[in-house]
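Remarks on the structure that follows.
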Amino acid sequence: MSKKPPAFKKPPSGRGSGRGLGQLTKHLSALAAEIETSDADGNLITRAEMLAMVVWKKALGWTDPAKTQGDVVITKEVIHKPESWAIQLIYERIEGKAPQAISDEKGRLTAAEKVGELVRAKLNAEAESVLPVSSSSGPVDLPHNGAQGSQGPDAES
């Protein structure tokens, strides 16, 4: 008779067995901090800095000039276009990742959408209480705080 394996019990953290967590990150960080090379001025450059430079180069694109030996062209000029993945990676690291829209399968508003609607309604109500309301369907004359004074932007100087 074979024994059944013990039932799986989820660890308290919810992140797997707990063994080895952060080990890869720890080693990658240690390797990234190692000195890779130095620049023309003798400043040391780490692997992390080199990697960042490579990503920026990919995001901006670059041109490899043609190589010649005398009058003979060995390689043609190669134009490397910007890579969208590198642009996205840099943007998300600097600005933060854009939130994903999550919709309810029944078509109901999510909590974030409800909050957005409430804020929008409150701001609109606040704006309506502050701004003058015009009875005509044309544009509303708003007070102007520019160099023209109280006469407005179209007044002659």
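Readers should treat all values here as calculations from the given coordinates under stated rules, not as data from a laboratory. The shown structure was predicted, so the numbers you read here are calculated from the model rather than taken from an experiment. In this analysis, Cβ positions are derived from the backbone assuming ideal geometry, glycine residues included, and neighbour counts consider all displayed protein chains.
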Within 10 Å of each residue's Cβ, count the other Cβ atoms and sort Arg108, Arg47 from fewest upward. Arg108, Arg47
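Hey, can you rank 68-77, 29-38 by average C-beta count inside 10 Å, highest first?
The peptides rank, most packed first, as 29-38, 68-77.
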Enumerate the amide H contacts of Ile45 below 5 Å, restricted to partners 5 or more residues apart or on another chain; note that Pro and chain-start residues carry no placed amide H. Glu36, Thr37, Ser38, Asp39
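Which order results if Asp41, Asp64 are arranged by neighbouring Cβ count within 10 Å, fewest first?
On the way: Asp41 5, Asp64 11.
Fewest-to-most Cβ neighbours within 10 Å comes out as Asp41, Asp64.
What ranking, highest mean first, results for peptides 124-130, 109-115 when packing means the other Cβ atoms within 10 Å averaged over each residue? Each step should come with its number before you reach the end.
Details: 124-130: 9.0, 109-115: 11.4.
Final packing ranking: 109-115, 124-130.
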Around Gly61, which amide H atoms from residues at least 5 apart in sequence, or from another chain, sit under 5 Å from its own amide H, with H modelled in the peptide plane? Glu83
